[in-house]
1. Which residue pairs have Cβ atoms closer than 8 Å, lie 6 or more positions apart in sequence or on different chains, and pair a first residue in the range 1-27 that is closer than 15 Å to residue 155 by Cα and among the polar types (S, T, N, Q) with a second residue that is at pLDDT 95 or above and in a loop (DSSP other than H, G, I, E, B)?
2. Taking strands (runs of 3 or more DSSP E) that do not extend beyond the range 105-217, which have at least 3 residues that are under 21 Å from residue 52 (Cα atoms) and modelled with pLDDT of 95 or more?
3. Among residues belonging to the range 42-89 that are at pLDDT below 95, assigned to a loop (DSSP other than H, G, I, E, B) and polar (S, T, N, Q), point out the one that is surrounded by the most Cβ atoms within 10 Å (Cβ to Cβ).
4. For the subset of the range 118-140 comprising residues that are surrounded by 15 or more Cβ atoms within 10 Å (Cβ to Cβ), among the aliphatic types (A, V, I, L, M) and in contact (Cβ under 8 Å) with a residue 12 or more places away in the chain, which member is nearest to residue 192 (Cα to Cα)?
5. Test residue 186 against the stated conditions and say whether it is in contact with a Lys or Arg (Cβ under 7 Å, 6 or more places away or on another chain), closer than 16 Å to residue 138 by Cβ and surrounded by 14 or more Cβ atoms within 10 Å (Cβ to Cβ).
6. I'd like to verify a number: residues in the range 98-112 that are surrounded by 12 or more Cβ atoms within 10 Å (Cβ to Cβ) and small (Gly, Ala, Ser), how many?
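The values are calculated or read from the model by the stated rules, or taken from the named source; none is laboratory data. Model, not experiment: these values are computed from the prediction. Backbone-built Cβ (ideal geometry, glycine too); neighbour counts: all protein chains shown.
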Amino acid sequence: MTRWWWVRHAPVPDLGRIYGQEDLDCDCTATGVFTALAEALPDGAVWLTSQLGRTHQTAAAIVAASVRQEHRAISPEAVSAFAEQHLGDWQGQDRVAFHADRPQPRHDHWFGPAGEVPPNGESFATLYARVSAGIAQHTQAQRGRDIVAVAHGGSIRAAVGHALGMDPDAALAFTIDNCSITRLDHLGGDPARRWRVVSVNHRPWRTGLLEGIGAPA
């Protein structure tokens, strides 16, 4: 069994604007959140990020908050297949104004239907395909291990959809909060099949002794 621990990056102070693949910094000041993540994630894991800085910053904040010596030696591999959707000319636009001006067809949970290609960008369906290919590659390469993948809301939705055999539009219905853990287990064989969904959008800082710590904005 290969266990994937997907972690969405920390919140991005985006001033209400669409950022997609823009390489913006994230806010890693909620130390209780990162302590809880470090406690929840396994020892001996392979660590991956996307190529975008906010995933590197989030991984570094988890390592810094950990009391486990093994975490101190973590050096994540950047995997471009797990980047957020490139939203092209939509990036930088005011999010509220964008949705207000959107022509049909719309999508209830995203900027547009999975097959829509933003000008100078890529569709969510394209993201879904590259994430699925990246999962297949690393599931085969790291068979039987734990994989911690610090990534993005879009790429984690695609990972859940891949595990459940969903079409890309259906996968957009999942909510993936900042710093949440989504756990997907591959039970062996074909990486496109035989998946088990253990948790989606788990927020470990909201349980047990950390009940009073607020979620990141």
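1. Listed by first residue and then by second, the contacts come to 21/52; 21/83; 21/84; 21/85; 21/86; 21/87; 21/91.
2. Values: elements: 146-151, 181-186, 195-202.
The qualifying strands (runs of 3 or more DSSP E) are 146-151.
3. It comes out as 66.
4. Narrowing the range 118-140 to residues surrounded by 15 or more Cβ atoms within 10 Å (Cβ to Cβ): 118, 121-132, 134-136, 138-139.
Now drop any that are not among the aliphatic types (A, V, I, L, M), which leaves 125, 127, 129, 131, 135-136.
Okay, now just the ones that are also in contact (Cβ under 8 Å) with a residue 12 or more places away in the chain, so 125, 127, 131, 135-136.
Values: 125: 16, 127: 16, 131: 12, 135: 9, 136: 7 Å.
Here the residue is 136.
5. Values: in contact with a Lys or Arg (Cβ under 7 Å, 6 or more places away or on another chain): yes; closer than 16 Å to residue 138 by Cβ: yes; surrounded by 14 or more Cβ atoms within 10 Å (Cβ to Cβ): yes.
Spelling it out, residue 186 is indeed in contact with a Lys or Arg (Cβ under 7 Å, 6 or more places away or on another chain), closer than 16 Å to residue 138 by Cβ and surrounded by 14 or more Cβ atoms within 10 Å (Cβ to Cβ).
6. So the count comes out to 1.
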